[in-house]
């Protein structure tokens, strides 16, 4: 079931800039400067986003003091997606079964073809 | 209020403490009401995902009456919940409390299920009101309401295709 880690992950993913950063990192590691480039944002603003992503375990930073390259960590994202997928599957599959059940219920209640009347309609006056 | 389409369902947050889910079914509301309140029928669909089976379904369908559901999944996983009926207006509306035996959110919850029919199709809306916003958010986990899901599929794909 959902954990505190999942909360952190979803919070980190709730921001479009942070999602864009992750998408960029999916293509390979990058420095803060490189990450800031495509965004109309200052380096400190990007650094703030990176801290949130790092806390959520979605990225890690290299030890190179100068560059400290960021890279994507796939595990929390996979876990978060698993939760969403489980939720969706739970209801999608339940409802698909309900669709089938409703068809069976409709069939069993539909007026039967002539000459095959069931007990449900036994009081219906028959012709002749 | 946020609205998000998830597959054939629509998820929304009518208030700070609620989550609502809607789905359209190709059947009159009387059948839906029966499918939601008859153990024989409920066992055929509710929670029946990925090999999970509903093993207990007891219903005392009257105001103040109790219900109890339990499921078993693969690897002996179990889940169970129950509650009490607060309001029954067949075939339009059911209000009942709901409490999981092993809850992952604080406090109980009250669920309102409505069946609205139009031209032979019925929209079922299941709205659950939680004790407070924290409980609601714990259930919702934010992805549906914050727009995470929007960019999520793509990200998940990226992650899945990473070496």
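Please determine whether any residue of the stretch B:73-81 is touching a strand residue (DSSP E or B) at 6+ places or on another chain (Cβ under 7 Å) and either within 11 Å of chain A (Cβ to nearest Cβ) or part of a loop (DSSP other than H, G, I, E, B) (or both). Reasoning before the result, please.
Taking the stretch B:73-81 first, the residues touching a strand residue (DSSP E or B) at 6+ places or on another chain (Cβ under 7 Å) are B:78-81.
Imposing the further condition that a residue be either within 11 Å of chain A (Cβ to nearest Cβ) or part of a loop (DSSP other than H, G, I, E, B) (or both) reduces the set to B:79.
Yes; the residues of the stretch B:73-81 include at least one that is touching a strand residue (DSSP E or B) at 6+ places or on another chain (Cβ under 7 Å) and either within 11 Å of chain A (Cβ to nearest Cβ) or part of a loop (DSSP other than H, G, I, E, B) (or both).
Identify the residue in the stretch A:17-31 that is assigned to a loop (DSSP other than H, G, I, E, B) and within 14 Å of chain B (Cβ to nearest Cβ) and, among all such residues, is farthest from residue A:71 (Cα to Cα). Give the derivation first.
Restricting attention to the stretch A:17-31, the residues satisfying the condition of being assigned to a loop (DSSP other than H, G, I, E, B) are A:26-29, A:31.
Filter once more, keeping what is within 14 Å of chain B (Cβ to nearest Cβ): A:26-29.
On the way: A:26: 8, A:27: 9, A:28: 7, A:29: 5 Å.
Within the stretch A:17-31, the match that is farthest from residue A:71 (Cα to Cα) is A:27.
Of all residues in the stretch B:23-42, how many are outside any helix (DSSP H, G or I) and either surrounded by 18 or more Cβ atoms within 10 Å (Cβ to Cβ) or facing chain A (nearest Cβ under 9 Å) (or both)? Steps first, please.
First, the residues of the stretch B:23-42 that are outside any helix (DSSP H, G or I): B:23-28, B:38.
Pick out the ones that are also either surrounded by 18 or more Cβ atoms within 10 Å (Cβ to Cβ) or facing chain A (nearest Cβ under 9 Å) (or both) and you get B:23, B:25-28.
Residues that pass the stated criteria total 5.
If you take the residues of the stretch A:32-72 that are part of a helix (DSSP H, G or I) and touching a residue at least 24 places away in the same chain (Cβ under 8 Å), which of them is surrounded by the fewest Cβ atoms within 10 Å (Cβ to Cβ)?
A:55
Name the single residue, out of those in the stretch B:43-55 being surrounded by 15 or more Cβ atoms within 10 Å (Cβ to Cβ) and out of contact with any helix residue (DSSP H, G or I) (no Cβ under 7 Å at 6 or more places or on another chain), that is nearest to the other protein chains (Cβ to nearest Cβ).
My answer is B:52.
Within the stretch A:75-97, is there a residue that is under 39 Å from the mean Cα position of the chain (by Cα), at pLDDT below 90 and at positive phi?
Looking for residues that are under 39 Å from the mean Cα position of the chain (by Cα), at pLDDT below 90 and at positive phi, one finds none in the stretch A:75-97, hence no.
The values are calculated or read from the model by the stated rules, or taken from the named source; none is laboratory data. The structure presented is a predicted model; accordingly, all values stated were derived computationally and were not measured. Cβ atoms come from the backbone with ideal geometry, glycine included; neighbour counts cover every protein chain shown.
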